[in-house]
Amino acid sequence: MHAPTRLLASQFGSPHGVTAQDSYVRLLWHLAFYFALPLGLIVLGGIAWCLVRYRAKPGSERRASQFQYHIPIEAAYTIIPLIIVAVIFGFMFNAENHVDRVSRAPAVKITVEGFQWGWRFVYPNGHQEIGTVANALNINSMKNLPVLYMPAGETVQFTLKSDDVVHTFYVRDWLWQRDLIPGVHNVADIDVKNPGIYDGQCNNICGQYHAYMRFLVDVMPVKQYKAWYAHQAANSITTAGVTVSS
């Protein structure tokens, strides 16, 4: 199993994923930190200053000066937040364009289909990897979960479908999730840099057995993936480790 997502001091506590896209997510995290730290210090400093400078002494009747319509201050606390929001919006717009970009010629296309309660992964030659709640209920055996096989370091395009209600395809270590919405043609690209086995699950409450809608992702080196794919008969089905030809 792949190591959990890391939290590094050098990343300001930001999760560190394993995809080519997650750098844009971390950039937004860092940008928010750059703005939040000085603003937080200014607010705390102002509170400390008021506590010390304008504290009421025993027996004192003095009141702090009252004033209004201070144009420079009002302009500052209006304009500065607008500038911060505009900067963050610009970086967020750029990040979304990169993360949500869909390739016209991905290396691999896989259909991800969610249903109550299980997963079906369909490959270009018709091979299917299927797992249902009946398999996942045996929580002591990870072998009973459906496995999504894909190559590392290449663009993999998912076509996301739902047979019934809204499901969410979520892999924690990728810092990535996408919704499967009935009747909506949802396509997304992902490029996982590091080979390994990653935990996945449905991240949207979808009914009684939502908690058991789990799966594994086996990200292989390219040659290993091609060898695996070459051994999958066209229109074959693998369920809980058992392959059946249709």
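Taken together, the values in this text are just the output of simple stated rules run on the coordinates, not laboratory data. Not measured: the values here are computed from a predicted model. Here Cβ is always computed from backbone atoms with ideal geometry, including for glycine, and neighbour counts include all displayed protein chains.
Worth a mention:
- Residue-by-residue Karplus 3J(HN,Hα) for the range 21-30, coefficients 6.51, -1.76, 1.60, Hz, glycine and proline x: 8, 6, 4, 6, 5, 5, 4, 5, 4, 5
- Amide H to amide H distances under 5 Å link T19 with K193, where only residues 5 or more positions off or on other chains count and H is placed in the peptide plane.
- For the chain, lysine pairs separated by 8 or more sequence positions, or belonging to different chains, with Cα-Cα distances below 24 Å total 8.
- L44-E96 pseudo-label distance in nm [points 7 Å out on the Cα-to-Cβ vector]: 3.3
- A crude spin-label estimate for the pair N186 and R104, with each label 7 Å from Cα along the Cβ direction, gives 2.6 nm.
- Each residue, A211 and I84, gets one label point 7 Å from its Cα in the Cβ direction; the gap between the two is 4.0 nm.
- For the range 77-100 versus the range 166-214, the spacing of their alpha-carbon centroids is 27 Å.
- Once each of the chymotrypsin sites (Phe, Trp or Tyr not before Pro) sitting in a DSSP loop with at most 16 other beta-carbon atoms within 10 Å is removed, the chain keeps 70-208 as its longest stretch.
- Measuring nothing but how far apart in sequence close Cα pairs (under 8 Å, 6+ apart) lie, relative to its length, the chain scores a relative contact order of 21 percent.
- Förster radius 45 Å - calculated FRET efficiency between F67 and S23 (Cβ-Cβ, nearest 0.05): 0.40
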